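Structure, as structure tokens:
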Amino acid sequence: MPAPVPGGVRACVRAPRPDAAPPAVRRVAVERVDMQNPVRRGRRATLVATVAVAAMTFTGVLAALPAQAAASTLGAAAAQSGRYFGAAIAGGRMNDTAYMAIVDREFSSVVAENEMKMDATEPRQNQFSFTAGDRLVSYAQSRGKQVRGHTLAWHAQQPAWMQGMSGSALRSAMLNHVTQVAAHYRGKIHSWDVVNEAFADGSSGGRRDSNLQRTGNDWIEAAFRAARAADPGAKLCYNDYNIDSINPKSTGVYSMVRDFKARGVPIDCVGFQSHFGTTIPGDYRANLQRFADLGVDVQITELDIEQGSNQANAYRQVTQACLAVSRCTGITVWGVRDSDSWRTGANPLLFDASGNKKPAYTAVLDALNAASPSPTPTPTPTPTRTPTPTPTPTPTSGTGACQVAYSVPSQWGGGFTANIRITNRGPAVSSWALAFTFPGNQTVQQAWNGVATQAGNQVTIRNASYNGTVPTGGTVEIGFNGGFSGSNPAPTAFTLNGVAC
């Protein structure tokens, strides 16, 4: 890990690339990791003259007032147009009364800086830690604030045990993580950053090379499907940096979202981190609109802008851009005071180190208050159901051509995630097909590490392009999200390439 820097923050510096976006839209190449303990109308003509004059004066004053009284806080001002205004908060600062006073007063939404990331929520495989995230959610619920979830799947800030995994084992572990965390917070999260920063910088517009990407190009789709199954009521977002302008990277993301929408992959929103230097890209609003035109919400998720003579105007421009796009549902600033920012020395937030409002704050508040009132563009349902775990079915094994271990790591009302580990006990194979029978009213909805088909209660899962070869004694792991009604017993009659296990 990188060495700690002053102030209890450690930073991972990413060297700028020659083909990266221009300075106006570049992201400061640092990943912040909080190291503190785990962010509103005359008068009759017969009135006497003096009263008539007074009435005329009073009427004139009312005519000069806006139809909607100006709100005095960011959250209230944003709510007038059906949007939220939030901040990232750090669990280690929740005991800071001055810090929390600003959060209490100003913001209608919160997101955890680090407390819901992969390393924080699953420090050891299948051993989940929700204490810090639960504290933030409980706080938000007690104050009537929304919660954004950040983030379920990411190449960075993975726990050590996950960093050493690859292939089907990593895919299964990632999907289990998505399912378990989203299910734990089911009904409590407004929007989840399901996948974070999966596209590469530069001119290719392609995916980032990461351990997750190397599990198969469909890993993002699989993560979204798992998140939808685990929490049907949350908005599911893809989140990234340097996609604020129309450029190869943002166009790569755009193409993915368009494809997902066309194929019914459950994606509801795109998050634009919007870490800016001193200026805003000229096509920022147009870029937000082109994504919204795909039928997804857009959210500004990690806004901060370097301090300078243009900071207030730049913040105004970002706010006005969001307000001009009906499906821009909210803005989140990444931090509260300048002294809390991960961009040390840039002073990029709305409050100075002493908690005083900066000119940028006033610019944002004025822009929000100038917006026309409107209902929330795309309201999010709030489910009241909670997951109903059931015991994991007994693993099924055999002594023929294969041995199969079947497990259900998570189950909720009407849905479940299943993992299957196959051990080849016969000759080596270059392709395989596992068949089995569902004894109940169960369906395979989406599989990973294999291609699934189903006819009645008969299911066949064939190898993916990358895992067809299995030597004698070798293993392969596959999995799927399924649905059921009634009971959910384990499958029976497993066969591998037509030979009974």
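Would you list which lysines come within 25 Å of Lys357, measuring only between C-alpha atoms, while excluding same-chain residues fewer than 8 positions from it?
Reachable lysines: Lys145.
Among Trp154, Leu212, Leu236, whose Cα projects farthest towards the positive end of the dipole of the range 135-246, with charges put on the beta-carbon of Lys, Arg (+1) and Asp, Glu (-1)?
Positive-most Cα among the choices belongs to Leu236.
What is the magnitude of the charge dipole of the range 180-241 about its Cα centre, with +1 placed on the Cβ of each Lys and Arg, -1 on the Cβ of each Asp and Glu, and no other charges, expressed in debye to the nearest 20?
My answer is approximately 280 debye.
Net charge within 10 Å of Ser191 by Cβ-Cβ distance, Lys/Arg positive one each and Asp/Glu negative one each, not counting Ser191 itself?
-1
With both partners inside the range 84-152, how many of the DSSP beta bridges are antiparallel, as a percent to the nearest 5?
Once the DSSP bridges in the range 84-152 are tallied, antiparallel ones form about 10 percent.
I need the fraction of alpha carbon pairs in the range 403-501 separated by more than 17 Å, rounded to a whole percent.
46
List the lysines whose Cα sits under 21 Å from the Cα of Lys261, skipping any in the same chain fewer than 8 residues away.
Lys235, Lys249
Only the coordinates and a few stated rules stand behind these numbers; no lab work does. If you're wondering where the values come from, they're calculated on a predicted model, not measured in any experiment. In this analysis, Cβ positions are derived from the backbone assuming ideal geometry, glycine residues included, and neighbour counts consider all displayed protein chains.
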